[in-house]
Structures are given as C-alpha cells and as structure tokens.
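Report on one structure; see the data block that follows.
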Amino acid sequence: MRTYLLQRLAQLPPVLFFLSIIVFAIVRLIPGDPALIRLGDTATPEAVEQIRRDMGLDQPIPVQYALWLGNVARGDLGVSWVSKKPVTELILLKLPATLMLTLAALGIALLVAIPAGILAGSRPHSWVDNAATTLSLMGVAMPQFWLGIMLILVVAVQLRWLPPSGYVEPTRDLGASLQRLVLPALTLGLALAAPLSRFMRSGMLDVMNADFIRVARAKGLSERAVIMRHAVRNALLTVVTVFGLQFGALLGGTIIIEQVFNWPGIGLMVLTGINQRDYVIVQGVVLFVATGFVLVNLLVDVAYVYLDPRIRY
Amino acid sequence: MVTAPAAAERGGLAERAGSAEGTRAFLRRFGRSRTAALGVVIVGLVLLGALGAPWLAPHDPLATRAVDALQPPSARYWLGTDDIGRDILSRIIYGSRVSLYVGAISITIAAGLGVTLGLVAGYYGRLVDGFVMRFLDALLAFPAILKAIFIMAVLGPSIQNAMIAIGIIYTPAFARIVRANVLSLKQKEFVEAGRAIGAGDLRLMFRTLLPNCLSPLIVQASLGVGYAVLVESGLSFLGLGTQPPEPSWGSMLSAGRSFLSLAPWYATFPGLAIFITVLGLNFVGDGLREALDPHLRHGH
C-alpha cells in the first residue's frame, strides 16, 4: 500500500509538469494580442509596447513560462489583466457557486443512480433491467444543455414553479438560493446519473455471481438482506471511482450549464477570460481545475485500496 | 516442434478459415438485440436525411421570410420557423449533414492519432509508455468541453477546427484501448513468431498487433461518433463550432433559448434531433459491444 502511494505520488510531478506546459502553450497560441485588445485599435504603438512590457509579454516564451511557473509554485496565480484582482481571489469568489452546484448535482446523481443500478443488477434481463438500461442510454445521449432548456421551459416558463436562472448566495437568502439551484443541479445530476447507474448495474452483476453471495443465500438470508448487506457494498467500489472522476470533471466542466442558467461558476470565468484574452485568468483557472482533477483522481485511487482490502498494487 | 513461420502461418490460416463463420455469428448476435436494430434504423434515417437533404428538405434552409418569423408548426412549416422566418425542419435536415460529417471525420482523426500513440506506448513499453501515458493523463485532466474551447480559441471557430478539436479530445480513448490490448498481446506466440521470421517493429505493430485490436476499436468508434455529435453541438451552442448562417443543431438550440416563452418549438426540435441521433449511435455501439465482447455476452 505504501509503495503504491509513493508510486502514485511520484507520478504527480511529471503529470503536473505536462499540465502546466499544455496550459501555458495553448493560452499563448490563442490568436490576438492581449495588449492591443486591452487598449483598442486606436492605441499608439508606443502605448501597446508599454502594456506588453507591463504584462511581461516582451520576454521570450521560455522566460515567461519559467516566471509563471515559479509564481505558481509559490501559490501566486497572477493578477487579472482586466479586473486587476489576484486570480486566486477571483477563483475563491467563484468556487462556492461551483462547489454548490457540483455537490448538489452529484447528490442527485447518487440518489437516482444507486437504486436504479441495484434494481437493474439484481434482476438481470428482466423488464426492470431493460427499462433501467434504456433510460440510462437515453440519459447518456441527451445533450445536457437541451435538458436544461427543456426543464426551464416546463418548470419555469410554463408551470412557473421555479425561477429560470440566476444565483443567490446562500448566506444572503437560503430559500431563494436553493430555488435557483434546483434546475441546474437537476440537469447536471440526471446527466451524471445515466453512466453512474450503468456502472452500479455492472458492479451488481459481477458481485451477484460471487461465491460469498451463494454462501449468504445458503445461510438462509432473505434476498433483500443478501443484496443490501453484501452485494451493494461490494458493487459500490466501481461507483466510487467513477463518482470521484465525475467530481473532478465537474469542477471546470459545467461551462455550458453555467451559460444556460446564468450560474457564476469557474467555467464561465474561463470563457470570459478567453474572449478578453486575459491569459492570466485562463492559465490560473485551468491549472487550478486540472490540478484539482488530478488530486481527486489520486484520492479516489487511494480510497479504493482502503475500501477493498483485496486490492494490492 | 513448431517453427516460427509455421506458427505465424497457422495463426493466419486459422483466422481466414474462421472469419466467415465469425462474421455470421457476429451478425446473428448483433441482430438479436432489439435496441441495436432500433439504433441501425435511427442512424439509417439520419444518414438518409443527410444524403438526401436537397430532395427531402421542403424549403431552402437559408431562405429568410420576416413575415413568417416564429411561426408554430403548421401544414406549411411542419416544425415551425425561427426568428427570421427560416423553416426549422429544413434546417434540421441540413444540420444532420454537419453533425454526421463532423462525427465521422473527428473520430477518424482521433483513431489515427490514438491508435498510433497506443501502439507505440504498448509495444515499446517502459520509458516510452511512461511518457505517452503521463502525457495522456495530463490531457485527460481537463474536462472535455474546456479542452474543446481551448483548441477552438487557438484555431478559430469553424466546422473544420471543431473536427480537429474533437479528434484531439477523443484521442486518449483510442490510445488507452490499443495500449491495453497491445500490452496483453505482445507476449503471445504469434507475435514472437513474427519477430522470429524477421518482421520489423512497424510491421509487427500495424500488421500483426493492430488487427487483433479491431473489435474494441470498432465499438469505441461507434460510441465516439455519438460523443462527437454531442460535443460539436455543444461548441455550436457556445458559438464556437459551425458559424451562422450554416444550419447546425447546437446553434439553433442556442438561438431558440431566447424565444422559449414565445416559440418553444424553436429550441425543442433541434435538441430532439441531437438526442435521437446520439441515442441511435449509442444503441448501435452498445449492440456492437455485446456482439463482439465475449464477457458481456454472459449477462453483463
């Protein structure tokens, strides 16, 4: 176990190094001079040159990368060229909204996926299994942004049960905040539940054929006890892995849903940063999101070893 | 004693003799799945629409008529019109061309890049494998839509660049499948036999190992086209994919969002088109996986 942990930790630096290069390189490849974009077309060449020097863009690319990486290692993601605020501060400002949406969506996903997967996996090839499989295939095929728009159309526009979009800080008005959370969380949660339920089903099918399940039945346990006390716990292992990966992916992958519901999360920060050629924001946020994903991945792998004592790497 | 050329020849002979029988068995298994059959019907209809668009579309998808703006579904405009009077049904039919075209080309790009990376990583192993896998891990650390936006920001918004972006995003999926297969296959007798008769690395990778990875690759490609259609529509929704006035399901959905209370059909039907197409492709992919993967045939 310790060897495995050390091996995984040793893999982190090269992955993060590649990450930083990819982020830095791609941002630099985005066309358009940030200095010119900031000053506008009427700016004099001297003014543009001065802004480029202030932004550090007059340095060779490797020097810019080294300076940026050095700052990142000290926890300094830079200062936004547009808003003049530290990127770390801006991320911390938007992070609560992203985490709120992510956790709510994952909660809904688990509430839907686990029972569906248990039902489908414990009754293979029955109508329940076929229905659950078909529904999950439909969930995987459905564009999230279309589902969100349809939910807005039915729930907000036609039934007027909930507001269509927007965000209110929970500390300001919890009721209004939760009302605005429902539709985007439901959209994301149902989309996540589809693949999650398939993994749960697959895990159940693997476990239900195991010897220890036969033993449990032979001991006279009810089918319900066999499933809930023995099968589910073991089937959940794969779901834990996928769940962790989904959490990591959601950190920066909710851009379209944020756009649909006007939700001020980290994803929209990146889109705005790209449009404004605010390299510092884009680099900082994307590196933050990607690093978060890599770390969550590592935590999931470690958790997997603890949850299943049979696993020995 | 089995000689190397004999082993290689035997492997090839057995494969040729079994391939016709194997194909029949595969078709039987695929045909038994009702969802796979439904998927074939759906994809067939979408393909028909894409190929026959000039004859099937009732109106010019680019023709605007201000007087007919935001018309509900009627005998004249079966699915209604958009905010500048264009027929939504015609634009959906022409939009299927964009979706299937982007899907096919982007998955071809992903397969080309991914298969090469996977073969090289799996075959050479050690440092090369470590380098490739860490690079792929770094690529996979970004959410797909973020990667797509990044690449589109660099290349510029267009259909061609959307294909490249989606191709790059989906490359790791192919690379991992091929690598996993090559790692288990390269120790087998027929590969040793090939090496013994003097086959070079390239020949072994592409002529010996790659054909044995085809089944999972076919499944991945089928599922990948559905994924590519989803991502392309997402990029078009954000204004980064297909550019107006070219009809694209994603951009139609994005425009329709502004008229939800006035003209709900505007956003409903393009989204339904994306959903049904991707569903059909996923049904086909799932059917292929069940027909090709022996483990899945026994209850999974």
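A short reminder: the numbers here are calculations on the coordinates, not readings from a lab. Computed from a predicted model, the values in this text were never measured in an experiment. Neighbour counts are summed over all protein chains in view; Cβ atoms, including those assigned to glycine, are modelled from backbone coordinates with ideal geometry.
Roughly speaking, what is the centre-to-centre gap between the range A:128-196 and the range A:72-95 when only Cα atoms are used, to the nearest Å?
Each part reduced to its Cα centre gives a spacing of 31 Å.
Cross-link partners among lysines for A:K84, C-alpha distance below 25 Å, same-chain residues fewer than 8 apart left out?
Once the sequence-local lysines are set aside, what remains near A:K84 is A:K94.
At what distance in nm do the modelled label points of A:L245 and A:R74 sit from each other, each positioned 7 Å from its Cα along Cα→Cβ?
3.8
Which shape class applies to the protein assembly as shown: rounded if a/c is under 1.5, otherwise prolate when a/b exceeds b/c and oblate if not, where a ≥ b ≥ c are the square roots of the Cα gyration tensor eigenvalues?
Judged from the Cα gyration tensor, the protein assembly as shown comes out rounded (a/c under 1.5).
For chain B, modelled as a GNM with alpha-carbon contacts under 10 angstrom, which of B:S184, B:S90, B:S222 fluctuates the most?
Of B:S184, B:S90, B:S222, the most mobile in the Gaussian network model is B:S184.
Give the distance, in whole Å, between the Cα centre of the range A:43-69 and the Cα centre of the range A:229-250.
If you average the Cα positions of each part, the centres end up 46 Å apart.
If the elastic network links every pair of Cα atoms under 10 Å, which of B:P73, B:P245, B:P264 fluctuates the most in the Gaussian network model of chain B?
B:P245
For the Cα atoms of chain B, what angle does the longest principal axis make with the long axis of helix B:264-292, in degrees from 0 to 90, nearest 10?
Helix B:264-292 sits roughly 20 degrees off the main axis of chain B.
Only counting other Cβ atoms within 10 Å, I'd like B:S74, B:S96 sorted with the fewest neighbours first. Mind dumping the intermediate values first?
Values: B:S74 11, B:S96 24.
Sorted ascending by nearby Cβ count, the order is B:S74, B:S96.
Suppose each label sits 7 Å from its Cα in the direction of the beta carbon; what would the A:A218-B:A20 distance come out to in nanometres?
Label-label distance for A:A218 and B:A20, simple model: 4.9 nm.
Counting Lys and Arg as +1 and Asp and Glu as -1, each charge on the Cβ, what is the dipole of chain B about the Cα centre in debye, to the nearest 20?
So the dipole magnitude of chain B works out to roughly 640 debye.
About its Cα centre, how strong a charge dipole does chain A have in debye, to the nearest 20, once Lys and Arg get +1 and Asp and Glu get -1 at the Cβ?
Values: 25 positive and 18 negative charges, 252 e Å.
The calculation lands at about 1220 debye.
Relative to the longest principal Cα axis of chain B, at what angle does helix B:144-155 sit, 0 to 90 degrees, rounded to 10?
For B:144-155 against chain B, the angle is about 80 degrees.
Most mobile of A:T44, A:T102, A:T238 per a Gaussian network model of chain A (Cα springs, under 10 Å)?
Of A:T44, A:T102, A:T238, the Gaussian network model singles out A:T44 as fluctuating most.
Taking the Cα centre of the protein assembly as shown as origin, sum charge times position over the Cβ atoms of Lys and Arg (+1) and Asp and Glu (-1), and report the length of that vector in debye to the nearest 20. Can you show the working numbers first?
Working: 50 positive and 36 negative charges, 369 e Å.
With only Lys, Arg, Asp and Glu charged at Cβ, the dipole is about 1780 debye.
Select from A:W81, A:T42, A:L101 the residue farthest towards the positive end of the dipole of the range A:1-145; place +1 on Cβ of Lys and Arg, -1 on Cβ of Asp and Glu, and compute about the Cα centre.
Result: A:L101, furthest along the dipole toward the positive end.
Which one of A:V232, A:L181, A:F212 has its Cα pushed farthest toward the positive end of the charge dipole of the range A:181-241, where Lys and Arg give +1 and Asp and Glu give -1 at the Cβ?
A:F212
In degrees between 0 and 90, to the nearest 10, how far off the longest principal axis of chain A does helix A:266-275 point, with axes built from Cα atoms?
40
If you average the C-alpha positions of the range B:49-76 and of the range B:176-228 separately, how far apart do those two centres end up, in angstrom?
Answer, in whole Å: 47.
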